[in-house]
Amino acid sequence: MRPMFLFAVLPALLCAAPALQIVRPTISQIDGGAIDPPGFEHAPGETLFFACRVSGFTKNEDEQMHLKYSVQAFDPRGVPLSEIYENEMKAEVTPQDKEWLPKISTEVVIPPLVAGGAYKIVVKAQDVLAGTSAELAVPFQVRGYPLE
């Protein structure tokens with residue numbers, strides 16, 4: 001009985017929609033500017049322009065998608081740099097848009113008096129229609145002041 005069950009369920013599993021993912025994260029010093037290379041050190045007081053895309057979302061029978069997301073930056077000790085940025089996105093996604101991926105973009109301000117170290121931007125996305133979620137931590141470096 002088990003082989004028959006696997007034979008019946010396997011095609012559905014193979015054709016299942018891809019999992020929700022946060023892809024192509026970028027950090028730059030200028031909105032729409034060149035992407036900062038890995039290991040680039042940012043300065044205290046600087047504004048970072050963060051962007052990423054979301055793949056694997058679902059759409060309903062009316063060709064609509066609905067995502068909720070949040071972005072927040074943290075210092076090396078896990079302390080938030082500012083309040084969490086939350087938003088949602090609803091859009092019509094037609095068959096002609098098969099390569100289109102929703103874009104999340106926001107600014108992250110590094111406080112003027114911070115210690116240097118490995119910081120991170122945490123992005124969370126939720127597919128409201130499918131009830132799935134994804135999370136990604138994007139590291140960045142800050143050359144700060146030696147603080148006790």
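The values are calculated or read from the model by the stated rules, or taken from the named source; none is laboratory data. Just so we're clear, the structure is a prediction, and the values are computed from it rather than from any experiment. Neighbour counts are summed over all protein chains in view; Cβ atoms, including those assigned to glycine, are modelled from backbone coordinates with ideal geometry.
When the residues of the range 54-74 are filtered to those that are assigned to a loop (DSSP other than H, G, I, E, B), among the charged types (D, E, K, R) and in contact with a strand residue (DSSP E or B) (Cβ under 6 Å, 6 or more places away or on another chain), the one that is surrounded by the fewest Cβ atoms within 10 Å (Cβ to Cβ) is 63. Test residue 3 against the criterion of being modelled with pLDDT under 95 and either assigned to a loop (DSSP other than H, G, I, E, B) or closer than 30 Å to residue 96 by Cβ (or both), and give yes or no. It is false that residue 3 is modelled with pLDDT under 95 and either assigned to a loop (DSSP other than H, G, I, E, B) or closer than 30 Å to residue 96 by Cβ (or both). Of the strands (runs of 3 or more DSSP E) lying entirely inside the range 83-148, those containing at least 3 residues that are surrounded by 17 or more Cβ atoms within 10 Å (Cβ to Cβ) are 103-109, 117-127, 132-142. Checked against the criterion of being among the hydrophobic types (A, V, I, L, M, F, W, C), modelled with pLDDT of 95 or more and touching a Ser or Thr at 6+ places or on another chain (Cβ under 7 Å), the range 128-142 has at least one qualifying residue.
So how many residues does the range 21-53 have that are under 12 Å from the mean Cα position of the chain (by Cα) and surrounded by 14 or more Cβ atoms within 10 Å (Cβ to Cβ)? Summing the residues that are under 12 Å from the mean Cα position of the chain (by Cα) and surrounded by 14 or more Cβ atoms within 10 Å (Cβ to Cβ) in the range 21-53 gives 9. Applying a threshold of 7 Å to beta carbon distances and a minimum spacing of six or more residues, or different chains, the list of pairs starting in the range 106-125 at a residue that is under 25 Å from residue 56 (Cα atoms) and ending at one that is hydroxyl-bearing (Ser, Thr, Tyr) and part of a strand (DSSP E or B) reads 106/85; 107/47; 123/69; 124/69; 124/70; 124/133; 125/69; 125/133.
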